[in-house]
Structure formats: structure tokens, C-alpha cells
Amino acid sequence: MLEPELEFHPREKILKKRKNQEKINLIKAILLDIFFVFYTILVLQRAIYYKVILDLRELPFSWTEIGLFLVVSIGIGTIWGLSRTSLGARIMGLAEETKSAKLVSEIFAWALFNLTFISGWLVTKISIIDLFSKEGIEGANRIFSSLFTPEMGIFDDALFAIIETIYLALIATLLSIPPTLILSFVTARNLMKDNIFTFSIYYVLRIILNFVRSIEPLIWAIIFSVWVGIGPYAGMIALLVHTIAANAKLYSEAIESIEEGPVDAITATGANKLQIIWYAVVPQIVLPFLSFTIYRWDINVRMATVIGLVGGGGIGTMLMQYQGLGQWHEVGLIVIMIAIVVWIMDYISAKIREAIY
Amino acid sequence: MKQILEVRNLHKVYPSGTHALKGVSFDVYEGEFLVVIGLSGSGKTTLLKCINRLEEPTSGTVRFLGEDITHIHGKHLREVRRNIGMVFQQFNLIKRMPVINNVLAGKLGYMKTLPSILGNFPPECIQEAIKNLEIVGIKEYAYERADKLSGGQQQRVAIARSLMQSPKLLLADEPVASLDPATSNSIMQYFEKVNKELGVTVICNLHFLSLVRRYASRVIALKNGEIVFEGSPREIDEKWFKTIYGEEAEEVEIR
Ligand SMILES: Nc1ncnc2c1ncn2[C@@H]1O[C@H](COP(=O)(O)OP(=O)(O)OP(=O)(O)O)[C@@H](O)[C@H]1O
Ligand SMILES: [Mg+2]
């Protein structure tokens, strides 16, 4: 019987793939160059020309101008990228290996760096004068002297508030564990890449998690303090949300970096997916997971104090109140207590993590 | 003799572009001890993994006991895998588990998901595991943690694990490459025992020709993803040796 031989030419397939890859890289290089040029023009105009040369307070803004810059950058970037002497081409590994091409991209990279540094300096208004002015020194004096003469009268309240903070962080960490576990398995590339359905789940969840994680707990706390009202509950949910997103990434990276050998071995026995995960994946990740989680509790205690500042409850809220009233001796006590608790948490979590391994 | 495996025109191109197998064809018959030799990178591991589909062949066919298994999947694939044991160079045990659990893992393909995850293995399974540990001579280590054992002992656990599958075919990927010569020989003797006494067909990747001559009933040699030699181990003379391993190669003795 004649076998219906599949049309198959490995060598052509490989060549075609390589060509496609090159095309994609060239497009990436051009996009990079467009960005670099656009960025340079913008920074030159806004930071250097307006701020330094004209010394304007209010920077003028017009969309037509920006649009014009963009068009110019697209033109320059495309031509430069196609000539393969650009920085983008070098980054993508497409640049010509001539001396002049090398020099051009190196000079451009150096200029970009300096431009960024100078405008960064300008934007943050670095001023040695503020740091050592008479008023500045007085302010520093006030803070430091009250740190050393803390008001012990509010010790009970502060203690209660800081315990609230620790519990809040603990609950957020504990509640995060089950959802994090589930999410970490479905966002581990090596477990999900095999078919399109699971891979799209992986992809969508990754995007959502990246988004959630890129929003700082502080901002989550602001959102939730509006949503559920100011207090420890808002702080807890804020920490919970961020912990899930942050730890799901750490956990899934741990899953992605497991030894493949045991997975192969268990797969070869005819085990199904769940059995493979339970026998070959889980034993390899239990310890890193525990370690991450304990460390996260430690981080959450610190974050909980900061979150309190925006209405997340606990010691942070208390700190904000006394700071608002200008009662620096009370602030001093609270700061000292936070420092001690953070130090103790740090020590304990390090010890526990050591003991696990 | 009954044919157990038929490989035809097997190609494997990895996503990276490496063309690891270039049209490999061969047959394996029941009871054989087939040894695959070839330089590092010649495609030995890829070949074994394409047989039990740990890697997907790019084209070509693999028939196991007359059935085309090249494109099966899901439950069907798992049922076929049950009949094909595999032993690896790095042993690939679950390090933190006791030896006995590692051996029991070989039965997973026969178990329902829930009891296997709860570790609820029926008593006859446990007895079988102990029996298989006895076959490879390490019954007394059953309740040690797997990573406490020496390399040779770990490989014996891996053999016991594959025996739990009651395999018809056993694939062994350089099972002695990370062991010392004496241990290598003793491990090879267990493979011989499995082959001769339990009647399991063996396909084994090996590096050392002295081991090949001693244990193989037939040899195929791979070079750059192609079969360059097929025959009995006695036929590998100086000339063939240079063809397989290159002009500069010299045979080293291992006993
Ligand atoms: N997962 C993979 N992805 C991409 N390329 C691979 C992969 N596995 C193997 N290769 C490549 O395929 C070729 C054959 O590799 P293979 O591991 O099958 O050789 P081998 O004969 O087993 O070698 P060794 O004796 O070193 O184990 C090599 O060029 C290797 O780099
Ligand atoms: Mg190999």
C-alpha cells in the first residue's frame, strides 16, 4: 500500500523560518529607531530648549507639533534603520560590521544616555541648596530630636495599631495562597504551551497579572479605600490583590525553572496531566513556594505601614494623623516602633527561610 | 520473531531549526537487546523520545505492536506509554520522595487520578513495588529518601519504577553514562536480567563499545541523525568504528 507521504522539506522550512525571523527583526529595529529619534527630538525641544535655553515655567503643548515630530521621526527612523547603520539595527543584531556604522551607533547611544541623564537631573530639580539651607537644617533638627524624645503617652494606642498592621499583613498573605497557587499553574509556560486553548488562557492571565502587579499596593489602597471605606479592610484587600499578582509570577517562574527530567520520567509512565503535576512538579516547588510566601508576609508588613498613610488602617493611618497635626514626638514614637517591628519581621522571616532549606 | 517496533523515515526538526533525525528507519523484534550508538549530538536521545512521544516526530511513522502511534493522543497515548518503560541518564527520580513512592509512580498510568494523588496505592501494588526493588537488589532502601542513594542505586530505583509498568519495551537513554565502570557493568547486568528473564525488549543508548559488545544482540549507529550502521556488535571493526566516530577516534576499554 502506498503511504500518503506528507509534503516535507525540512531544509526549506528552516530557511523560510530564518528569512521570516529576519524580516520581523528589521521591523523591530526600525520601530526602535523611530522611537529613539522621536525621543531625542522631544527631549531636545522640551527639556533642553524650553527649560534650559528659554527657561520657561509653563511648557507650551500642541498636538500638531508632536504629530509633526512623529512624522519626521518615522521618516528618519525608517531610512536610518533600513540603511542598517542605526542603533536599532545594532540592538537587533542586523547592523553592518563596518567601522563607521559602529561609530555612528555608539555615538548615538552615548548621546541618548547623556541627554536622558541631563534632562533627568533638570526634571528632579536637584538642589544642594535645599538640603543645607537654614530652614532645611531646622526641619531636620525637629524630626531627629523628636525621634530621640518620643512621646510614650500614646504607646498603648500605637501598639494596638501596629498589631493591627501585622495581622492585616498576615491575613492578606494567607488569603493570597489558594488563588496564587491556582494562578501560578495556569501561568506557567511549560505547563500551558502544549495546546492553543491552554496557551491562550496563559497569555490572557499573564497580561492581567502584569497589569495588576504594575499598580503599586499604595494605589490599590487608594482605590479600595474609596470602594470599601477607609480602614484596615481596604488595606488588606489592596495587599491581597498585589500579593496574588506578585507571587503568582514568582511561583510560576519557580514552576518554569523546575528540572524537566522528572516530568519526562513521570510522563513516560503513562500518567495524566494532574498526576504529572502532582508527582513531578509539586515536590520541586513546595519549598520555594513556602519561602516566597513567608518573605511576602515580611514585605506586606512594611507595605501595610505605608498603605496606612493613604487610609489603609493600622499604624500608618495613625502616623499620618499625628504628622498632619505636627505632633513630632508622637511621630517619633511611631517611627521607632515601625522600625523595630520591621527589623524583627525581617529577622524572623530570614531565619524561617533558612530553616526550610 | 514478532515485530514489536517499526520506525519508518522518521524526521525530527526542533523549533530551534536543528534537524536532529533525518529519515531514520529500523525494526525491533521481541526479545531483542538493541543498542544505539553514536557521537554526542547524533540524535540518540531524540530517537528514543520520539518513540514514546516525549518529543513529537516532525514526519515519518512509529508503529508499536503493529499499531501506528505517531499521531495518537490523550488517553490512547497514555495507554501505549504504559507499555513502554524509560530509564534516563540522570535517573530522574523525585528526589524528596522515598524510594518506594518513586517506584510506585511507575504504576500511575494504571491508576485513577484521585487515589494516586492521595497516595492510595492498593496493597498488591506495594507488594509489586517491593518485589521489583528486590529484583534490582535494593529492597532494604525502600523507605530511604531517593536523593540519599548513590548514583548506581538511584538508577536501580529507576529500573524498578519502569518495571512497575509491566513494559513490553524498555527504552534506556545512556543509563550508565554518569556512573563509574564497575557500577556501569552491574547496572547493565540488571538490564540483561530484565531482557532475558522477564522477556522485556530493550533499546539502549550506549557510549562504550566494550559494553555494547557484551550486552547488545544488535546495534544501530547514528551519525548526524542518520543510520550509518546496522548489524551485530561483532561486525564493528576498526573501519566501522572510524566511520561512526570519526577518523581521530580511538577505542577506550572499559571492563
Ligand atoms: N529540546 C531540544 N531543542 C532543540 N534542539 C535540541 C533539543 N534536544 C536536542 N537538540 C539537538 O538535537 C541534536 C541531537 O541531540 P540528541 O540529544 O538527540 O543527541 P544525543 O545523541 O542524545 O547526544 P548525547 O550523547 O550528547 O546525549 C543536537 O544537535 C541537539 O543540540
Ligand atoms: Mg542524549
Considering every residue within the range A:75-91, establish whether at least one is in contact (Cβ under 8 Å) with a residue 60 or more places away in the chain and more than 29 Å from the chain's Cα centre (by Cα). no
Look through A:288, A:283 and report the one residue that is free of Cβ contacts under 8 Å to residues at least 60 places away in the same chain, over 27 Å from the mean Cα position of the chain (by Cα) and closer than 30 Å to residue B:160 by Cα. A:283
Restrict the check to the range B:35-45 and report whether at least one residue is in contact with a helix residue (DSSP H, G or I) (Cβ under 9 Å, 6 or more places away or on another chain), at the interface with chain A (Cβ under 8 Å from one of its Cβ atoms) and open to solvent by less than 20 Å² (accessible area, probe 1.4 Å). no
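Suppose we keep only residues that are within 14 Å of chain A (Cβ to nearest Cβ) and open to solvent by less than 30 Å² (accessible area, probe 1.4 Å) within the range B:46-58. Which one would you say is nearest to ligand 1 (Cβ to nearest atom)?
Quick first cut of the range B:46-58, residues within 14 Å of chain A (Cβ to nearest Cβ) only: B:46, B:48-58.
Now drop any that are not open to solvent by less than 30 Å² (accessible area, probe 1.4 Å), which leaves B:46, B:48, B:50-53, B:57.
Values: B:46: 3, B:48: 8, B:50: 9, B:51: 12, B:52: 14, B:53: 14, B:57: 13 Å.
Ranking the qualifying residues of the range B:46-58, first place goes to B:46.
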Identify the single condition in (1) surrounded by 23 or more Cβ atoms within 10 Å (Cβ to Cβ); (2) of a type outside the set (Lys, Arg); (3) touching a Leu at 6+ places or on another chain (Cβ under 8 Å); (4) within 11 Å of chain A (Cβ to nearest Cβ) that residue B:99 does not satisfy, given that it satisfies every other one. (4)
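Based on this model, can you work out whether residue B:61 counts as in contact with a Lys or Arg (Cβ under 7 Å, 6 or more places away or on another chain), within 11 Å of chain A (Cβ to nearest Cβ) and either within 22 Å of residue A:272 (Cβ to Cβ) or not aromatic (Phe, Trp, Tyr) (or both)?
Here the answer is yes, as residue B:61 does meet what is asked.
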Do you know which residues across the range B:134-151 are open to solvent by less than 10 Å² (accessible area, probe 1.4 Å) and more than 13 Å from chain A (Cβ to nearest Cβ)? B:136, B:138, B:142
Mind checking which residues of the range A:98-145 are touching a residue at least 24 places away in the same chain (Cβ under 8 Å) and among the aromatic types (Phe, Trp, Tyr)? A:108
May I ask you to verify whether residue B:78 is open to solvent by less than 20 Å² (accessible area, probe 1.4 Å), assigned to a helix (DSSP H, G or I), within 12 Å of chain A (Cβ to nearest Cβ) and at negative phi? no
Filter the range A:252-288 for residues that are open to solvent by 60 Å² or more (accessible area, probe 1.4 Å), over 14 Å from residue B:94 (Cβ atoms) and facing chain B (nearest Cβ under 8 Å) and give the result. A:274
In the range B:183-225, what residues are without any contact (Cβ under 8 Å) to a residue 24 or more places away in the chain and either of a type in the set (Asp, Glu) or within 16 Å of ligand 2 (Cβ to nearest atom) (or both)? B:197
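Just the residues that are within 16 Å of ligand 2 (Cβ to nearest atom) and either away from every other protein chain (no Cβ under 14 Å) or assigned to a loop (DSSP other than H, G, I, E, B) (or both), please, taken from the range B:159-175.
Those that are within 16 Å of ligand 2 (Cβ to nearest atom) and either away from every other protein chain (no Cβ under 14 Å) or assigned to a loop (DSSP other than H, G, I, E, B) (or both): B:174, B:175.
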If a residue has to be under 17 Å from residue B:85 (Cα atoms) and part of a helix (DSSP H, G or I) to count, how many in the range A:261-274 make the cut? 8
In this structure, is residue B:84 farther than 25 Å from residue A:280 by Cβ, under 20 Å from the mean Cα position of the chain (by Cα), aliphatic (A, V, I, L, M) and more than 16 Å from ligand 2 (Cβ to nearest atom)? no
For the range B:1-53, enumerate the residues that are part of a loop (DSSP other than H, G, I, E, B) and away from ligand 2 (no atom under 12 Å from the Cβ). B:1, B:2, B:14, B:15, B:16, B:17, B:18, B:30, B:31, B:32, B:52, B:53
Criterion first (part of a strand (DSSP E or B), open to solvent by less than 40 Å² (accessible area, probe 1.4 Å) and of a type in the set (Gly, Ala, Ser)) does residue B:106 satisfy it? no
Mind checking which residues of the range B:72-119 are touching a residue at least 24 places away in the same chain (Cβ under 8 Å), touching a Phe, Trp or Tyr at 6+ places or on another chain (Cβ under 7 Å) and over 24 Å from residue B:55 (Cα atoms)? B:98, B:99, B:100, B:104
So, in the range B:176-219, of the ones that are within 12 Å of ligand 1 (Cβ to nearest atom) and open to solvent by less than 40 Å² (accessible area, probe 1.4 Å), which residue ends up farthest from the other protein chains (Cβ to nearest Cβ)? B:206
Residues that are part of a helix (DSSP H, G or I) and surrounded by fewer than 23 Cβ atoms within 10 Å (Cβ to Cβ): does the range A:307-316 have at least one? no
Within the range B:102-115, how many residues are aliphatic (A, V, I, L, M) and facing another protein chain (nearest Cβ under 7 Å)? 2
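Within the range A:339-356, how many residues are over 27 Å from the mean Cα position of the chain (by Cα) and over 22 Å from residue A:316 (Cα atoms)? Show your work before the answer.
Residues of the range A:339-356 that are over 27 Å from the mean Cα position of the chain (by Cα), as a first pass: A:340, A:355-356.
Now narrow it down to the ones that are over 22 Å from residue A:316 (Cα atoms): A:355-356.
So the count comes out to 2.
The values are calculated or read from the model by the stated rules, or taken from the named source; none is laboratory data. Just so it is clear, the structure is predicted and the values come from calculations on it, not from any experiment. With ideal geometry, Cβ positions are generated from the backbone for all residues, glycine too; neighbour counts draw on all protein chains shown. Side chains are part of the model used for accessible areas, which takes the heavy atoms of the whole protein and leaves out ligands, DNA and RNA. Shrake-Rupley method; radii C 1.70, N 1.55, O 1.52, S 1.80 Å.
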